[in-house]
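The values are calculated or read from the model by the stated rules, or taken from the named source; none is laboratory data. Predicted model, so just to flag it, every value in this text is computed and none were measured. So basically every Cβ, Gly included, is an ideal-geometry build from the backbone, and we count neighbours across all protein chains shown. SASA here: full protein model, heavy atoms, side chains in, ligands and nucleic acids out. Shrake-Rupley method; radii C 1.70, N 1.55, O 1.52, S 1.80 Å.
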Amino acid sequence: MTDLRQSATPNTAFVPPQVNSLDDTGLSPLWLQDLVLKVLYFRGYMTGFKIAEEIALPMAGVTDQLLTALKQEKTH
């Protein structure tokens, strides 16, 4: 009988692709905007970097675009 633990290579861990844009997330931008608003509602004032950390997405290319869209909606 073969021991499966010995035949598996130790470096087969799943590594997701890097997220560099909203499209890379595979999520709706409106859903992500709602998530940002929910985080702000429950946590209060936060910097953009703290919001990015809270939603586990990068600031550059993702969270900054979400915050910019929310700011533009506020002025309209």
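Name the pairs: first residue in the stretch 49-70 and aromatic (F, W, Y) and open to solvent by 20 Å² or more (accessible area, probe 1.4 Å), second residue modelled with pLDDT of 95 or more and outside any loop (DSSP other than H, G, I, E, B), Cβ to Cβ under 9 Å, at least 6 apart or on different chains?
F49/M59; F49/T63
Counting just the residues of the stretch 24-46 that are open to solvent by less than 60 Å² (accessible area, probe 1.4 Å) and of a type in the set (S, T, Y), which one comes out nearest to L70 (Cα to Cα)?
S28
Do we have any residue at all in the stretch 50-62 that's more than 11 Å from the chain's Cα centre (by Cα) and among the acidic types (D, E)?
Looking through the stretch 50-62, none of the residues is more than 11 Å from the chain's Cα centre (by Cα) and among the acidic types (D, E).
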